[in-house]
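The values are calculated or read from the model by the stated rules, or taken from the named source; none is laboratory data. Since the structure is predicted, the reported quantities are computational estimates derived from the model, not experimental observations. Note that we place each Cβ from the backbone using ideal geometry, even for glycine, and neighbour counts take in every protein chain shown. These area figures cover heavy atoms from the full protein model, side chains too; ligands, DNA and RNA do not enter into them. Shrake-Rupley method; radii C 1.70, N 1.55, O 1.52, S 1.80 Å.
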Amino acid sequence: MRGFRFSDYKPGDTPKGGFDELLKLFSELLNYTSGDAAEALSWLNELDKQYKLTNNDYGIGNFIDDLKDKGYLTEDNKSGEFKITAKTEQTIRKSALDEIFGKLKKSGRGNHNSNQSGIGEEKNADRREYSFGDSLDQIDMTASIQNAQINHGIGDFTLTDRDLEVEEKDFKTLTSTVLMIDISHSMILYGEDRITPAKKVAMALAELIKTKYPKDTLDIVVFGNDAWPITVKDLPYLQVGPYHTNTYAGLELAADLLRRRKTHNKQIFMITDGKPTCLKENGKYYKNSMGLDRKVINKTLNMAAQCKRLKIPITTFMIAKDPYLQQFVRQFTEINGGRAFYSSLNGLGEYIFEDYIKNRRKTVK
(Lines give C-alpha, C1' and ligand atoms only; values in the text may rest on other atoms or scores of the structure.)
Protein backbone atom coordinates (compact mmCIF):
# COMPACT_ATOMS: atom_id res chain seq x y z
CA MET A 1 0.00 0.00 0.00
CA ARG A 2 1.39 3.38 -1.00
CA GLY A 3 0.99 6.40 1.19
CA PHE A 4 2.69 9.11 3.19
CA ARG A 5 4.19 9.03 6.62
CA PHE A 6 4.16 12.29 8.56
CA SER A 7 6.48 13.25 11.39
CA ASP A 8 7.57 16.39 13.21
CA TYR A 9 9.88 18.61 11.20
CA LYS A 10 13.18 19.17 12.98
CA PRO A 11 15.32 21.66 11.10
CA GLY A 12 19.04 21.13 11.21
CA ASP A 13 21.60 23.73 12.04
CA THR A 14 21.44 26.58 9.54
CA PRO A 15 24.89 27.27 8.14
CA LYS A 16 26.19 30.63 9.29
CA GLY A 17 28.83 32.98 8.09
CA GLY A 18 28.83 32.09 4.40
CA PHE A 19 29.23 34.77 1.76
CA ASP A 20 25.70 34.37 0.36
CA GLU A 21 24.03 34.70 3.77
CA LEU A 22 26.07 37.76 4.67
CA LEU A 23 25.47 39.33 1.25
CA LYS A 24 21.70 39.14 1.75
CA LEU A 25 22.00 40.85 5.11
CA PHE A 26 24.45 43.43 3.78
CA SER A 27 22.08 44.26 0.90
CA GLU A 28 19.22 44.74 3.34
CA LEU A 29 21.31 47.02 5.54
CA LEU A 30 22.21 49.16 2.52
CA ASN A 31 18.52 50.02 2.16
CA TYR A 32 18.52 51.50 5.64
CA THR A 33 21.84 53.31 5.31
CA SER A 34 20.87 54.90 1.97
CA GLY A 35 23.69 53.12 0.17
CA ASP A 36 26.39 54.03 2.70
CA ALA A 37 28.62 50.94 2.52
CA ALA A 38 30.80 51.87 5.50
CA GLU A 39 27.80 52.34 7.78
CA ALA A 40 26.21 49.11 6.57
CA LEU A 41 29.43 47.21 7.28
CA SER A 42 29.59 48.79 10.72
CA TRP A 43 26.06 47.60 11.46
CA LEU A 44 26.93 44.16 10.11
CA ASN A 45 29.91 44.00 12.43
CA GLU A 46 27.73 44.88 15.44
CA LEU A 47 25.15 42.27 14.42
CA ASP A 48 27.93 39.73 14.17
CA LYS A 49 29.01 40.49 17.72
CA GLN A 50 25.47 40.10 19.00
CA TYR A 51 24.21 37.16 16.96
CA LYS A 52 27.47 35.41 15.99
CA LEU A 53 26.79 35.48 12.26
CA THR A 54 30.29 34.35 11.34
CA ASN A 55 32.56 31.55 12.52
CA ASN A 56 36.26 30.94 13.05
CA ASP A 57 36.77 29.99 9.41
CA TYR A 58 35.01 32.98 7.82
CA GLY A 59 34.88 36.44 9.41
CA ILE A 60 33.67 39.90 8.43
CA GLY A 61 37.17 40.68 7.11
CA ASN A 62 36.93 37.73 4.73
CA PHE A 63 33.50 38.91 3.66
CA ILE A 64 34.80 42.41 2.86
CA ASP A 65 37.64 40.93 0.80
CA ASP A 66 35.16 38.78 -1.12
CA LEU A 67 32.90 41.78 -1.73
CA LYS A 68 35.82 43.57 -3.37
CA ASP A 69 37.02 40.50 -5.29
CA LYS A 70 33.54 39.73 -6.63
CA GLY A 71 32.88 43.30 -7.73
CA TYR A 72 30.32 44.33 -5.10
CA LEU A 73 32.50 46.88 -3.34
CA THR A 74 35.26 49.32 -4.22
CA GLU A 75 37.73 50.97 -1.87
CA ASP A 76 39.46 54.29 -2.44
CA ASN A 77 43.21 53.72 -2.09
CA LYS A 78 43.81 57.16 -0.58
CA SER A 79 40.85 57.69 1.73
CA GLY A 80 39.93 54.05 2.32
CA GLU A 81 36.28 54.90 1.64
CA PHE A 82 34.03 52.01 0.63
CA LYS A 83 31.47 52.44 -2.16
CA ILE A 84 28.99 49.99 -3.62
CA THR A 85 29.05 49.19 -7.33
CA ALA A 86 26.38 48.82 -10.02
CA LYS A 87 26.46 45.07 -9.35
CA THR A 88 25.46 45.70 -5.74
CA GLU A 89 22.69 48.07 -6.81
CA GLN A 90 21.26 45.33 -9.03
CA THR A 91 21.54 42.82 -6.19
CA ILE A 92 19.48 45.14 -3.98
CA ARG A 93 16.83 45.45 -6.68
CA LYS A 94 16.69 41.70 -7.20
CA SER A 95 16.31 41.06 -3.49
CA ALA A 96 13.35 43.46 -3.44
CA LEU A 97 11.67 41.71 -6.34
CA ASP A 98 9.39 38.90 -5.19
CA GLU A 99 6.25 39.23 -7.26
CA ILE A 100 5.26 39.63 -10.89
CA PHE A 101 3.10 41.93 -12.97
CA GLY A 102 -0.07 40.73 -14.63
CA LYS A 103 -3.02 41.52 -16.77
CA LEU A 104 -3.67 44.85 -18.41
CA LYS A 105 -6.10 45.92 -21.06
CA LYS A 106 -5.34 45.72 -24.75
CA SER A 107 -2.92 48.28 -26.13
CA GLY A 108 0.14 48.14 -28.36
CA ARG A 109 2.45 45.14 -28.49
CA GLY A 110 4.14 44.54 -25.21
CA ASN A 111 4.61 41.89 -22.53
CA HIS A 112 1.56 42.21 -20.28
CA ASN A 113 -1.43 39.93 -20.66
CA SER A 114 -4.78 41.62 -21.20
CA ASN A 115 -8.18 40.65 -19.83
CA GLN A 116 -9.52 40.75 -23.40
CA SER A 117 -9.54 37.44 -25.28
CA GLY A 118 -9.64 36.92 -29.01
CA ILE A 119 -7.05 36.88 -31.75
CA GLY A 120 -4.19 37.69 -29.48
CA GLU A 121 -0.59 36.73 -29.00
CA GLU A 122 -0.49 34.32 -26.06
CA LYS A 123 -2.68 31.27 -25.36
CA ASN A 124 -4.78 31.09 -22.22
CA ALA A 125 -6.95 28.39 -20.64
CA ASP A 126 -10.24 29.43 -22.26
CA ARG A 127 -11.84 27.18 -24.92
CA ARG A 128 -14.87 27.69 -27.15
CA GLU A 129 -16.51 26.40 -30.33
CA TYR A 130 -15.18 27.49 -33.71
CA SER A 131 -16.89 30.46 -35.31
CA PHE A 132 -16.42 31.90 -38.79
CA GLY A 133 -13.34 34.12 -38.97
CA ASP A 134 -11.21 32.22 -36.46
CA SER A 135 -7.70 31.58 -37.76
CA LEU A 136 -6.35 28.05 -38.19
CA ASP A 137 -3.59 28.51 -35.66
CA GLN A 138 -6.24 29.02 -32.96
CA ILE A 139 -7.71 25.53 -33.46
CA ASP A 140 -6.72 22.94 -30.88
CA MET A 141 -6.42 19.94 -33.22
CA THR A 142 -5.99 17.33 -30.49
CA ALA A 143 -9.14 18.45 -28.67
CA SER A 144 -11.03 18.83 -31.98
CA ILE A 145 -10.22 15.25 -33.08
CA GLN A 146 -11.25 13.96 -29.68
CA ASN A 147 -14.55 15.83 -30.00
CA ALA A 148 -15.12 14.30 -33.44
CA GLN A 149 -14.54 10.78 -32.10
CA ILE A 150 -16.95 11.37 -29.23
CA ASN A 151 -19.61 12.97 -31.44
CA HIS A 152 -19.41 10.65 -34.49
CA GLY A 153 -17.68 7.48 -33.36
CA ILE A 154 -14.28 5.99 -34.21
CA GLY A 155 -15.27 3.65 -37.04
CA ASP A 156 -16.27 6.29 -39.59
CA PHE A 157 -14.21 9.34 -38.72
CA THR A 158 -15.94 12.63 -39.45
CA LEU A 159 -14.80 16.14 -38.52
CA THR A 160 -17.25 19.04 -38.75
CA ASP A 161 -17.03 22.66 -37.75
CA ARG A 162 -19.11 21.81 -34.66
CA ASP A 163 -16.26 19.58 -33.47
CA LEU A 164 -13.60 22.23 -33.76
CA GLU A 165 -12.35 23.67 -30.49
CA VAL A 166 -10.65 27.06 -30.46
CA GLU A 167 -8.02 28.22 -27.99
CA GLU A 168 -8.51 31.76 -26.85
CA LYS A 169 -5.49 34.04 -26.83
CA ASP A 170 -4.61 37.06 -24.75
CA PHE A 171 -3.41 40.31 -26.19
CA LYS A 172 -0.24 41.79 -24.84
CA THR A 173 0.01 45.41 -23.91
CA LEU A 174 2.45 48.13 -23.03
CA THR A 175 2.13 50.27 -19.95
CA SER A 176 3.82 53.41 -18.73
CA THR A 177 3.96 54.06 -15.01
CA VAL A 178 5.18 56.93 -12.90
CA LEU A 179 5.94 56.08 -9.30
CA MET A 180 5.76 59.15 -7.05
CA ILE A 181 7.57 58.96 -3.70
CA ASP A 182 6.98 61.46 -0.93
CA ILE A 183 10.34 62.53 0.57
CA SER A 184 8.99 65.14 2.98
CA HIS A 185 10.30 65.15 6.53
CA SER A 186 7.28 63.28 7.87
CA MET A 187 8.47 60.13 6.10
CA ILE A 188 10.88 59.56 8.99
CA LEU A 189 8.95 61.17 11.83
CA TYR A 190 7.05 59.52 14.68
CA GLY A 191 9.65 56.79 15.10
CA GLU A 192 8.76 55.13 11.79
CA ASP A 193 10.98 54.68 8.75
CA ARG A 194 8.61 55.05 5.82
CA ILE A 195 11.09 55.91 3.09
CA THR A 196 12.92 52.56 3.08
CA PRO A 197 9.84 50.46 2.19
CA ALA A 198 8.99 52.99 -0.54
CA LYS A 199 12.50 52.70 -1.98
CA LYS A 200 12.36 48.91 -1.92
CA VAL A 201 9.05 48.88 -3.79
CA ALA A 202 10.46 51.23 -6.43
CA MET A 203 13.56 49.06 -6.89
CA ALA A 204 11.46 45.92 -7.20
CA LEU A 205 9.22 47.52 -9.83
CA ALA A 206 12.21 48.76 -11.76
CA GLU A 207 13.97 45.42 -11.72
CA LEU A 208 10.88 43.52 -12.83
CA ILE A 209 10.18 45.90 -15.69
CA LYS A 210 13.80 45.79 -16.80
CA THR A 211 14.03 41.99 -16.79
CA LYS A 212 10.51 40.77 -17.63
CA TYR A 213 8.80 43.69 -19.36
CA PRO A 214 11.58 45.62 -21.08
CA LYS A 215 9.14 47.41 -23.40
CA ASP A 216 7.31 48.98 -20.46
CA THR A 217 8.48 52.23 -18.92
CA LEU A 218 8.85 53.28 -15.32
CA ASP A 219 9.63 56.85 -14.32
CA ILE A 220 10.30 57.73 -10.70
CA VAL A 221 9.42 61.13 -9.28
CA VAL A 222 10.22 62.33 -5.78
CA PHE A 223 8.45 65.30 -4.25
CA GLY A 224 9.06 67.54 -1.26
CA ASN A 225 8.99 71.34 -1.61
CA ASP A 226 9.57 70.70 -5.32
CA ALA A 227 9.43 67.63 -7.54
CA TRP A 228 12.12 66.12 -9.73
CA PRO A 229 12.77 62.84 -11.56
CA ILE A 230 15.38 60.38 -10.37
CA THR A 231 16.86 57.28 -11.98
CA VAL A 232 16.82 53.72 -10.73
CA LYS A 233 20.49 54.07 -9.86
CA ASP A 234 19.60 56.89 -7.45
CA LEU A 235 17.16 54.82 -5.40
CA PRO A 236 19.55 53.13 -2.94
CA TYR A 237 20.90 56.55 -1.97
CA LEU A 238 17.53 58.32 -1.66
CA GLN A 239 16.91 60.17 1.62
CA VAL A 240 14.19 62.42 2.97
CA GLY A 241 14.86 66.11 3.44
CA PRO A 242 13.57 68.99 5.56
CA TYR A 243 10.72 69.38 3.09
CA HIS A 244 7.03 70.11 3.08
CA THR A 245 4.73 68.15 0.73
CA ASN A 246 4.16 69.68 -2.70
CA THR A 247 1.86 67.01 -4.11
CA TYR A 248 0.75 69.33 -6.91
CA ALA A 249 4.30 69.64 -8.27
CA GLY A 250 4.75 65.87 -8.18
CA LEU A 251 1.52 65.25 -10.08
CA GLU A 252 2.29 67.96 -12.59
CA LEU A 253 5.69 66.45 -13.38
CA ALA A 254 4.29 62.90 -13.50
CA ALA A 255 1.54 63.92 -15.93
CA ASP A 256 4.07 65.73 -18.11
CA LEU A 257 6.28 62.61 -18.27
CA LEU A 258 3.34 60.39 -19.19
CA ARG A 259 2.08 62.86 -21.78
CA ARG A 260 5.28 62.22 -23.74
CA ARG A 261 4.82 58.45 -23.68
CA LYS A 262 3.17 56.90 -26.74
CA THR A 263 1.70 53.95 -24.85
CA HIS A 264 -2.01 53.41 -24.37
CA ASN A 265 -1.92 52.41 -20.69
CA LYS A 266 -0.71 55.17 -18.40
CA GLN A 267 -0.91 55.35 -14.63
CA ILE A 268 0.51 57.03 -11.57
CA PHE A 269 1.32 55.28 -8.29
CA MET A 270 1.73 57.76 -5.44
CA ILE A 271 3.24 56.75 -2.09
CA THR A 272 2.67 59.36 0.58
CA ASP A 273 2.04 59.62 4.30
CA GLY A 274 0.71 63.12 4.61
CA LYS A 275 -1.39 65.95 3.37
CA PRO A 276 -0.37 68.47 0.69
CA THR A 277 1.18 71.43 2.52
CA CYS A 278 3.11 73.37 -0.12
CA LEU A 279 2.86 75.14 -3.46
CA LYS A 280 5.34 77.11 -5.50
CA GLU A 281 4.07 80.33 -7.04
CA ASN A 282 6.18 82.89 -8.87
CA GLY A 283 9.36 81.39 -7.51
CA LYS A 284 8.16 81.52 -3.89
CA TYR A 285 6.91 78.75 -1.63
CA TYR A 286 3.45 78.92 -0.13
CA LYS A 287 3.45 76.64 2.95
CA ASN A 288 0.96 75.68 5.60
CA SER A 289 1.67 72.56 7.63
CA MET A 290 -1.06 73.22 10.18
CA GLY A 291 -3.91 71.59 8.32
CA LEU A 292 -5.62 71.03 4.99
CA ASP A 293 -5.08 74.50 3.53
CA ARG A 294 -7.91 75.31 1.12
CA LYS A 295 -5.63 76.93 -1.45
CA VAL A 296 -3.22 73.99 -1.52
CA ILE A 297 -5.95 71.36 -1.51
CA ASN A 298 -8.00 72.97 -4.30
CA LYS A 299 -5.01 73.22 -6.61
CA THR A 300 -4.07 69.59 -5.89
CA LEU A 301 -7.63 68.44 -6.61
CA ASN A 302 -7.61 70.40 -9.87
CA MET A 303 -4.49 68.50 -10.92
CA ALA A 304 -6.25 65.21 -10.11
CA ALA A 305 -9.09 66.26 -12.42
CA GLN A 306 -6.61 67.22 -15.14
CA CYS A 307 -5.02 63.75 -14.94
CA LYS A 308 -8.49 62.25 -15.38
CA ARG A 309 -8.98 64.28 -18.55
CA LEU A 310 -5.65 62.91 -19.78
CA LYS A 311 -6.92 59.38 -18.96
CA ILE A 312 -4.24 58.88 -16.32
CA PRO A 313 -5.63 57.12 -13.23
CA ILE A 314 -3.85 57.74 -9.94
CA THR A 315 -3.52 55.00 -7.35
CA THR A 316 -2.72 56.51 -3.96
CA PHE A 317 -1.00 54.45 -1.28
CA MET A 318 -1.59 56.34 1.94
CA ILE A 319 0.67 55.06 4.71
CA ALA A 320 -1.11 57.09 7.37
CA LYS A 321 -4.54 56.50 8.89
CA ASP A 322 -5.63 59.89 10.21
CA PRO A 323 -9.39 60.21 9.50
CA TYR A 324 -9.15 63.73 8.05
CA LEU A 325 -6.36 62.61 5.71
CA GLN A 326 -8.43 59.64 4.55
CA GLN A 327 -11.29 62.01 3.81
CA PHE A 328 -9.02 64.08 1.60
CA VAL A 329 -7.75 60.96 -0.20
CA ARG A 330 -11.32 59.80 -0.83
CA GLN A 331 -12.18 63.16 -2.39
CA PHE A 332 -8.97 63.13 -4.42
CA THR A 333 -9.68 59.59 -5.66
CA GLU A 334 -13.28 60.37 -6.56
CA ILE A 335 -12.27 63.37 -8.65
CA ASN A 336 -9.56 61.43 -10.50
CA GLY A 337 -11.49 58.18 -10.84
CA GLY A 338 -8.48 56.27 -9.54
CA ARG A 339 -8.01 54.04 -6.53
CA ALA A 340 -6.77 54.41 -2.97
CA PHE A 341 -5.22 52.04 -0.45
CA TYR A 342 -4.61 52.73 3.20
CA SER A 343 -1.60 50.50 3.61
CA SER A 344 0.70 49.53 6.42
CA LEU A 345 4.41 49.65 5.71
CA ASN A 346 4.64 45.86 5.78
CA GLY A 347 1.94 45.46 3.14
CA LEU A 348 2.96 48.30 0.85
CA GLY A 349 4.82 46.19 -1.70
CA GLU A 350 2.09 43.55 -1.85
CA TYR A 351 -0.58 46.20 -2.41
CA ILE A 352 1.31 47.84 -5.25
CA PHE A 353 2.21 44.62 -7.01
CA GLU A 354 -1.27 43.17 -6.64
CA ASP A 355 -2.83 46.35 -7.97
CA TYR A 356 -0.55 46.27 -10.98
CA ILE A 357 -1.31 42.59 -11.51
CA LYS A 358 -5.09 42.78 -11.31
CA ASN A 359 -5.50 46.29 -12.75
CA ARG A 360 -9.22 46.27 -13.23
CA ARG A 361 -9.38 49.58 -15.04
CA LYS A 362 -11.90 49.85 -17.84
CA THR A 363 -10.63 49.95 -21.39
CA VAL A 364 -9.96 53.47 -22.57
CA LYS A 365 -11.80 53.95 -25.85
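Relative contact order of the range 133-189, taken over Cα pairs closer than 8 Å and 6 or more residues apart, is 35 percent.
Solvent-accessible surface of the range 19-84, taken per residue with a 1.4 Å probe and all protein chains present: 60 Å².
When E165, E129 are compared by accessible surface with a 1.4 Å probe, the order from highest to lowest is E129, E165. Here the accessible area is traced with a 1.4 Å probe on the protein chains. For the range 175-362, carbon and sulfur cover 51 percent of it. Would you mind checking K94/K199; K262/K295; K24/K83; K284/K311; K275/K295; K52/K78 for any pair whose Cα atoms are more than 24 angstrom apart? Violating the 24 Å Cα-Cα cut-off are K262/K295; K284/K311; K52/K78.
Across the protein chains, with a 1.4 Å probe defining accessible surface, the residues L136, L25 rank L136, L25 from largest area downward. Annotation for R309 and Y51: the two label points, set 7 Å from Cα along the Cα-Cβ direction, are 5.3 nm apart.
Counting only protein heavy atoms and a probe of 1.4 Å, the accessible surface of the range 19-84 is 43% carbon and sulfur.
Surface exposure of the range 210-351, expressed per residue as accessible area with a 1.4 Å probe, stands at 49 Å². Full extension of the chain between T160 and S131 yields a length gain of 9.2 nm, computed as 0.36 nm times the residue separation minus the alpha carbon distance.
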